[in-house]
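Working notes, structure below.
The values are calculated or read from the model by the stated rules, or taken from the named source; none is laboratory data. Every value quoted in this text rests on a predicted model; they were computed, and no experiment measured them. Here the Cβ is made from the backbone with ideal geometry for all residues, glycine too, and neighbour counts use every protein chain on show.
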Amino acid sequence: MQALEKLSLKEKIALCSGADNWNTKAFPKAGIPSVFLCDGPHGLRIENVRAGSVNLKDSAEAVCFPAACLTASSWDPALLRTLGAAIAEEMEAEGVSVILGPGVNIKRNPLCGRNFEYFSEDPYLAGTLAAAWIRGAQSKGKAACVKHFAANNQEALRMASDSIVDLRTLREIYLAAFELAVKAGKPKTVMCSYNRINGVYSSDSRWLLTEILREEWGFSGLVMTDWGAMNDRAAAFDAGLDLEMPGSCGTFDRTMEEAVCAGALPESAVDRCAGRVLELAARCAYPESWRPKPYDRKAHHALAVRAAQESAVLLKNEGVLPLSREKTVAVIGAFAETPRYQGAGSSYINTTGVVSVLDALHTRGISYAYFAGYAPDGRFDPDLCAEAAQGAAQCDAVLLAVGLPEAMEGEGFDRKSMEMPQGHVRLIETVVEKNPNTVVLLMGGAPVEMPWEPEVRSILNLYLAGEGVGEAAVSLVFGEQTPSGKLAETYPIRYADVPCGADYGKDVHQAVYAEGLYVGYRYYDTAHLAVRFPFGHGLSYTQFAYRDLHVSFTEGPNGQVSFFLKNTGTWDGAEIVQLYVAPDCGGAYRPEKELRGFRKVFLKAGEEQEVSLPLTFRSFACFDAQENRWILESGTYRILIGASSRDIRLRTAVVLEGETPKRETLSDWYRHPSGSPSRKDFETLYGKPVPADPPAQKGTYTLQNSFAELQKTSRLCRIIYRLLETLVSKASGLRADRRDPNFSMMIEMAENSPLRVISLMQARRLPMHLTEGLICFANGQVWRGIRKMLERRPKSGGENHVSDHSV
Ligand code: BGC
């Protein structure tokens, strides 16, 4: 590449880290423009840096689309593509070259604080929807960024934790979603995750970033770090990690130059990475002549509403919905007035377009009596509850808005339990007793326990529905159209049923994925465990009948299934049909069934249509970890067509000729899973002992340890640790209030992130040599610490534009 030849080694290295939080570096003399990146993916978050703000909520006004937890419930790639295309228009309007999304991580455990940003517990569904969104987002030539690659399934200690996963599970579950997103979506960029995978940081992993991503999946774009995720820059160059974000004042530049000069790092590795930064700039930077192209905000708001309407999941309906406008309605729950409609953290959108349930009723001229019912933070308030109960008794029907308050879920921390706040639960119990015609409108980014479900006749799950939440809810409730979303994840009855529930969040340093392939319905269905609402479940005001399943093969396992689907009810509506394959081969351990296809089919009342879904090698294959390749096992495979994973309508079986793998010597748990597996069980799957993970102590501290660890033995670090709340509050402009999820995220990061990350993100305030000095102090090496601290900051090409990262 010609431009590369115009750069010195120093400049090439400098090009491989960001200029600041959101821009790559420009080198005008070589004709290299900078590229502007911004957060997403449910809308643009263009941080207001001009005001010197580091407040997550201080960003340019933008449309807030529903979060992935809801749009995934549409099971509709066409809708996801349209949402992506709307983002592409907004990017063009704002001069954004790269949107940091979609998030493709698997929902391993319902408590993960960031589940709202992810699509599903199933990789096929997550990957297919992500690919569609990417194609839309890149439709104007700019770039999407698939994140967080990979195995980032908890927020606790996300910057240091080690995901201990066996190879087969990685391939079939955690990498499979990315594989589909990359192969079918062709994103121009990928973001590596913060965590380690089996001991190796994602940013250092050649296996992940080159062998799998590029060589096997054919990815030809750029890989960037998550913000502050760079671990070992030399290893990362070799691994194929191109761009360090947000850039760390050139922290690594001098040592990398020295490494190349000493022959320890091949210049070709630097060239490869710099070349990919150049290519991104060449393809996605805006020309000087660029002028904002305004988009139609009204149309995007309407799209946000439509996406929510087509994704909301009617979980239960015993004759209450749709409501007639003739009925008198009590609207209860503060969420009806100030809705929960988006998550917190880096995907927080600053919108002025929110329409609440009350607003939407008002606009339609539907009268109602409103009662808040619980305290704003979700606490039980006896007076508010009593008032609401009285109101409920006086009306024909109740719309009851409840769920998870903002403080309970967000980026950077996991939920402590699956319970809803007491104020919401007690309100439901009280109101339902007074009025059986109660419709629960559920808002929140993840499954909750619903001990009250048997008493309630109707539940509409809105998840985090974006700025059109009220219009979407009201239109569905009053039957302007019928709901058609289905769950992209299981709602277990209780948290204790979650197969990785017992260990999750306990030893957060090491996340042991002992349940293997048994994530979500793969576990519940194999273990025949009752669930509150199964994967793929969702009701409609109309009904669908399935008939005449037919399977045909063209070559080997490639072929198709077809059947007829009829709308037998009186409403026009859409059904989401699901294809599951249930192997019975007797070789490798397999979940009872796995999703291998789906389609959302719209049918007018009375209409019938033939539906076909493809079958491929991967519909049947499993990953042979010994052979390190996908194989097709010989045997019988049941083909199941369902309306959910627990509502199978059509079935047949096929026999396929393939290979006969050696039967694994596994603990019995994996053939008959029930409850949580033990460490010993897992080691039979992992093939070796889980590495020891002794707590850090004085004398052994490194850059990988956190203030929370160092403060245990270092007085200086203890003082800093105690000041962290004040420091973070000052730097962020947020009140030091842990109930604010954005503050929670930042303080959690300051306390528990490896000091390496803090130093990279706050390179100006806490450069690496100061951090190393602190660590020496904590290790009792006072003089070394002083020497380190007095070291001059390395001068480097990276210091031309510098600002500290806000997150
Ligand atoms: C998050 C990313 C986000 C980035 C930039 C990180 O902390 O994990 O998802 O895109 O910050 O805000």
Out of the residues in the range 751-775 that are touching a residue at least 24 places away in the same chain (Cβ under 8 Å) and part of a loop (DSSP other than H, G, I, E, B), which is nearest to the ligand (Cβ to nearest atom)?
753
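Mind listing just one residue for me: the one in the range 258-271 that is surrounded by 13 or more Cβ atoms within 10 Å (Cβ to Cβ) and among the acidic types (Asp, Glu) and, of those, nearest to residue 222 (Cα to Cα)? Break it down into steps so the answer makes sense when it comes.
Our first condition is that a residue be surrounded by 13 or more Cβ atoms within 10 Å (Cβ to Cβ); within the range 258-271, this holds for 259-260, 265-267, 269-271.
Now narrow it down to the ones that are among the acidic types (Asp, Glu): 267, 271.
On the way: 267: 18, 271: 13 Å.
The selected residue is 271.
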So, in the range 672-685, of the ones that are in contact with a helix residue (DSSP H, G or I) (Cβ under 9 Å, 6 or more places away or on another chain) and in a helix (DSSP H, G or I), which residue ends up farthest from residue 492 (Cα to Cα)?
684
Of the residues in the range 1-31 that are in a loop (DSSP other than H, G, I, E, B) and basic (Lys, Arg), the one that is surrounded by the most Cβ atoms within 10 Å (Cβ to Cβ) is 25
Condition first: in a loop (DSSP other than H, G, I, E, B) and away from the ligand (no atom under 13 Å from the Cβ). Now tell me which residues in the range 177-195 satisfy that.
186, 187, 188
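Residues checked against (1) under 27 Å from residue 120 (Cβ atoms); (2) crowded, with 19+ Cβ neighbours inside 10 Å; (3) among the hydroxyl-bearing types (Ser, Thr, Tyr):
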{"site": "413", "(1), (2), (3)": "yes, yes, no"}
{"site": "421", "(1), (2), (3)": "yes, yes, no"}
{"site": "431", "(1), (2), (3)": "no, yes, no"}
{"site": "434", "(1), (2), (3)": "no, no, no"}
{"site": "441", "(1), (2), (3)": "yes, yes, no"}
{"site": "445", "(1), (2), (3)": "yes, yes, no"}
{"site": "454", "(1), (2), (3)": "yes, no, no"}
{"site": "457", "(1), (2), (3)": "no, no, no"}
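Look through the range 221-262, keep the residues that are among the β-branched types (Val, Ile, Thr) and in a loop (DSSP other than H, G, I, E, B), and return whichever of them is nearest to the ligand (Cβ to nearest atom).
First, pick out the residues of the range 221-262 that are among the β-branched types (Val, Ile, Thr): 223, 225, 251, 255, 260.
Among the residues that remain, those that are also in a loop (DSSP other than H, G, I, E, B) are: 225, 251.
Details: 225: 10, 251: 18 Å.
Filtering the range 221-262 for residues that are among the β-branched types (Val, Ile, Thr) and in a loop (DSSP other than H, G, I, E, B), the one nearest to the ligand (Cβ to nearest atom) comes out as 225.
Filter the range 470-522 down to residues that are among the acidic types (Asp, Glu) and surrounded by 24 or more Cβ atoms within 10 Å (Cβ to Cβ), then give me how many there are.
Step one: filter the range 470-522 for residues among the acidic types (Asp, Glu), giving 471, 480, 489, 497, 503, 507, 515.
In the following step, the residues that additionally are surrounded by 24 or more Cβ atoms within 10 Å (Cβ to Cβ) were identified as 471, 489, 515.
The qualifying residues number 3.
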The conditions are (1) more than 26 Å from residue 162 (Cβ to Cβ); (2) free of Cβ contacts under 8 Å to residues at least 40 places away in the same chain; (3) not hydrophobic (A, V, I, L, M, F, W, C), and residue 267 fails exactly one of them. Which is it?
(2)
Residues of the range 377-394 being touching a Ser or Thr at 6+ places or on another chain (Cβ under 9 Å) and either surrounded by 13 or more Cβ atoms within 10 Å (Cβ to Cβ) or among the β-branched types (Val, Ile, Thr) (or both), in sequence order, are 385, 386, 388, 389, 392
Looking at the range 177-199, I want the residues that are surrounded by fewer than 22 Cβ atoms within 10 Å (Cβ to Cβ) and have a partner that is among the hydroxyl-bearing types (Ser, Thr, Tyr) with Cβ atoms under 8 Å, at least 6 apart or on another chain. Which pairs are those?
184/128; 198/163
Picking from 448, 469, 425, which residue would you name as being touching a residue at least 24 places away in the same chain (Cβ under 8 Å), of a type in the set (A, V, I, L, M, F, W, C) and in contact with a helix residue (DSSP H, G or I) (Cβ under 8 Å, 6 or more places away or on another chain)?
469
Hey, residue 248 hits all of (1) at pLDDT below 95; (2) out of contact with any Asp or Glu (no Cβ under 9 Å at 6 or more places or on another chain); (3) surrounded by fewer than 24 Cβ atoms within 10 Å (Cβ to Cβ) but one; which does it fall short on?
(3)
Matching entry among 748, 709 (being within 16 Å of the ligand (Cβ to nearest atom), assigned to a helix (DSSP H, G or I), surrounded by 21 or more Cβ atoms within 10 Å (Cβ to Cβ) and not hydroxyl-bearing (Ser, Thr, Tyr))
748
The lone condition residue 67 fails out of (1) in contact with a strand residue (DSSP E or B) (Cβ under 9 Å, 6 or more places away or on another chain); (2) within 22 Å of residue 117 (Cβ to Cβ); (3) more than 16 Å from the ligand (Cβ to nearest atom) is (3)
Of the conditions (1) buried (at least 24 other Cβ atoms within 10 Å of the Cβ); (2) in contact with a strand residue (DSSP E or B) (Cβ under 6 Å, 6 or more places away or on another chain), residue 545 satisfies every one except a single condition; which number is it?
(1)
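Yes/no matrix, rows are residues, columns are (1) under 30 Å from residue 8 (Cβ atoms); (2) surrounded by fewer than 20 Cβ atoms within 10 Å (Cβ to Cβ):
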site: 273; (1), (2): yes, no
site: 303; (1), (2): no, no
site: 319; (1), (2): no, yes
site: 326; (1), (2): no, yes
site: 331; (1), (2): no, no
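Can you say whether residue 174 is buried (at least 24 other Cβ atoms within 10 Å of the Cβ), more than 15 Å from the ligand (Cβ to nearest atom) and within 26 Å of residue 688 (Cα to Cα), as far as the supplied structure shows? I'd like the intermediate steps shown before the answer.
Working: buried (at least 24 other Cβ atoms within 10 Å of the Cβ): yes; more than 15 Å from the ligand (Cβ to nearest atom): yes; within 26 Å of residue 688 (Cα to Cα): yes.
Spelling it out, residue 174 is indeed buried (at least 24 other Cβ atoms within 10 Å of the Cβ), more than 15 Å from the ligand (Cβ to nearest atom) and within 26 Å of residue 688 (Cα to Cα).
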